[in-house]
Amino acid sequence: MRPQFVFFCDASNATGLGHYSRCKRIAIAIDAKLAGECDFVFIGNIRQDLCKDILDRKWVYRPRDDHDWLPDYGAHSVAIVDSYTITNTELKNIGGCFSRTVFIDDFNRHDFSCTDLVINFRLGFDVTGYDVKRLCYGLRYFPADNLMVRSRKLAEIQDRSTSEMPIGSILVYLSALTPSTKQRAIDAIDHHLCGAKIEMIAGLDPLECEYTSTRNLLKTRSLESSLSSLISEADAIVCSGGLMKYEAGFCLTPNACINQTEDQRIDTMILAEKNLTYDFGLQENLTEKPENFIRQMGEFLGETVRQKQKAAMAQHYDTESTNNVCEEILGLLR
């Protein structure tokens, strides 16, 4: 019987695209390992453009509000859950419909006592409170996509961690942060750089306002399902504290975070202590002493901080991390 992998994730204006990105990468890697001899289903509230991406890959999509969203999938079926909105009751029901269940986790806020495998790729997370049959945690289980892996290997060959790195391009993706915060970030970059290319990724709000740069070339791009090429090609990244700081770290791209939530801030602080990102704090902190943000931006864009980040990223991230995730999931069927 062909194994079936059913992903439970959302990708909407409210949830962002990170959950879908992780699941898609895992699905592609599993498909490659099994030479296409498997089936994939995605269940959730997923944007229309991403639903098309799922269907174009010959995968199955089911909206989560479908009355038949949780049939009994039986033997050789694995549920892979990556969602904050799944309740403990739903998680238990999912476990009863599949031969094995996996949860891609961040904060250990669910009841995992009936879950076969939990993967939490966060660095330095306190895992002592997990109640789960098997737990895999740390950066060696970060799900990167193929383009990111190729980019990292190329960067390692070129030994970019020890070379001089003038900044020619900056990627800015501040997700659901306020328009004033986004413009403030551009202004801080303008204070320190001139003639660089700023790639501003529009947020999920279709009414996103326009932004301006006085000293650099600013280009606004629409949000795509994969930003891997932009992440790997940028000389520096300013993001909002979520998945992108891990994606940048894997690609050996220096990055800094203006955090959306306190949970993200805590995670960012842990990575910053290891020189894996730079912490600007929460967005409300930027207005308290604006001169501090401008000073910090200059520090982040300086050679010393970026060199330290590249060296730390080369040490802490694992090129085989996606393969490690797949091996753990496929091991449940053996």
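The values are calculated or read from the model by the stated rules, or taken from the named source; none is laboratory data. The structure displayed is predicted, hence computed values, not measured ones. Every residue, glycine as well, gets a Cβ built from its backbone with ideal geometry; the counts of neighbours run over all protein chains shown.
Things worth noting here:
- Pairs, first within 17 Å of residue 329 (Cβ to Cβ) in region 13-34, second of a type outside the set (A, V, I, L, M, F, W, C) and assigned to a helix (DSSP H, G or I), C-beta under 6 Å, six or more apart: 29/322
- Residue check for residue 123: closer than 30 Å to residue 81 by Cβ, touching a residue at least 40 places away in the same chain (Cβ under 8 Å), surrounded by 21 or more Cβ atoms within 10 Å (Cβ to Cβ) and hydrophobic (A, V, I, L, M, F, W, C): no
- Criterion: over 24 Å from residue 285 (Cα atoms) and either in contact (Cβ under 8 Å) with a residue 24 or more places away in the chain or in contact with a Ser or Thr (Cβ under 6 Å, 6 or more places away or on another chain) (or both) - qualifying residue of 227, 217, 193: 227
- Considered as a group, the residues in region 1-34 that are among the small types (Gly, Ala, Ser) and at pLDDT 95 or above include one that is farthest from residue 83 (Cα to Cα), and that residue is 32.
- Test: residue in region 250-260 that is buried (at least 24 other Cβ atoms within 10 Å of the Cβ) and either under 11 Å from the mean Cα position of the chain (by Cα) or basic (Lys, Arg) (or both): yes
- Total residues in region 63-85, condition surrounded by 18 or more Cβ atoms within 10 Å (Cβ to Cβ), modelled with pLDDT of 85 or more and under 23 Å from residue 14 (Cβ atoms): 5
- Residue check for residue 138: surrounded by fewer than 22 Cβ atoms within 10 Å (Cβ to Cβ), within 19 Å of the chain's Cα centre (by Cα), at pLDDT 95 or above and of a type in the set (Gly, Ala, Ser): yes
- Exactly one residue out of 299, 273, 303 is closer than 18 Å to residue 121 by Cβ, acidic (Asp, Glu) and not assigned by TED's automatic domain parsing to the domain that holds residue 31: that is 273.
- Of all the listed residues (211, 246), the sole one being closer than 18 Å to residue 273 by Cα and hydroxyl-bearing (Ser, Thr, Tyr) is 246.
- Criterion: at pLDDT 95 or above, within 24 Å of the chain's Cα centre (by Cα) and surrounded by 14 or more Cβ atoms within 10 Å (Cβ to Cβ) - qualifying residue of 149, 102, 132: 102
Let's see how each residue does on (1) over 21 Å from residue 184 (Cα atoms); (2) surrounded by 15 or more Cβ atoms within 10 Å (Cβ to Cβ); (3) within 23 Å of the chain's Cα centre (by Cα):
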residue: 264; (1), (2), (3): no, yes, yes
residue: 293; (1), (2), (3): no, yes, no
residue: 301; (1), (2), (3): no, yes, yes
residue: 307; (1), (2), (3): yes, yes, yes
residue: 310; (1), (2), (3): yes, yes, yes
residue: 320; (1), (2), (3): yes, no, yes
residue: 326; (1), (2), (3): yes, yes, yes
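- Taking the criterion of being surrounded by 16 or more Cβ atoms within 10 Å (Cβ to Cβ) and acidic (Asp, Glu), the residues of region 266-291 that qualify are 267, 279.
- Residue in region 313-334 that is modelled with the highest pLDDT, counting only those that are in a loop (DSSP other than H, G, I, E, B) and hydroxyl-bearing (Ser, Thr, Tyr): 317
- Single residue of region 235-247 satisfying the filter (in contact with a Ser or Thr (Cβ under 8 Å, 6 or more places away or on another chain) and buried (at least 24 other Cβ atoms within 10 Å of the Cβ)) that is modelled with the lowest pLDDT: 241
- Unmet requirement for residue 190, which otherwise passes all of (1) surrounded by 19 or more Cβ atoms within 10 Å (Cβ to Cβ); (2) under 19 Å from residue 144 (Cβ atoms); (3) over 14 Å from the mean Cα position of the chain (by Cα): (2)
- Scanning region 241-285 for residues that are touching a Phe, Trp or Tyr at 6+ places or on another chain (Cβ under 9 Å) and either without any contact (Cβ under 8 Å) to a residue 12 or more places away in the chain or farther than 28 Å from residue 146 by Cβ (or both) gives 258, 259, 263, 272, 280, 281, 285.
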